[in-house]
């Protein structure tokens with residue numbers, strides 16, 4: 001910090017910064033959580049005959065629905081699942 005090294009600390013959970021497996025682990029984890037939302041019926045919008053209820057890129061997720069109540073329910077479910085896995089929902 002400020003040009004000097006900090007004390008060593010033991011990492012007990014997760015991947016190290018820059019670990020080659022990191023780009024694959026988070027999306028895989030995220031897919032499992034999004035699959036839980038998939039069980040909710042009547043969600044999202046229909047675009048060219050396909051139901052779209054989320055867009056994902058890297059560590060960003062956009063939930064999509066025409067009904068604010070459904071959108072709120074999907075967001076709550078997403079946060080519940082994230083918190084249940086010891087992560088933070090921001």
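Summary table below
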{"quantity": "Length-normalised contact order of the chain in % [C-alpha pairs under 8 Å, at least 6 apart]", "calculated": "19 percent"}
{"quantity": "Region 22-77: C-alpha pair distances exceeding 16 Å, %", "calculated": "43 percent"}
{"quantity": "Residue 7 versus residue 72: modelled label distance in nm, points set 7 Å from Cα along the beta carbon direction", "calculated": "4.6 nm"}
{"quantity": "Extended-chain gain in nm, criterion 0.36 nm per residue less alpha-carbon gap, residue 86 and residue 21", "calculated": "21.4 nm"}
{"quantity": "Relative contact order %, region 30-73, counting alpha carbon pairs below 8 Å whose residues are six or more apart", "calculated": "28 percent"}
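Every number here is computed from the coordinates shown, using simple stated rules; none is lab data. All of these numbers come straight from a predicted model, not from anything done at the bench. Every residue, glycine as well, gets a Cβ built from its backbone with ideal geometry; the counts of neighbours run over all protein chains shown.
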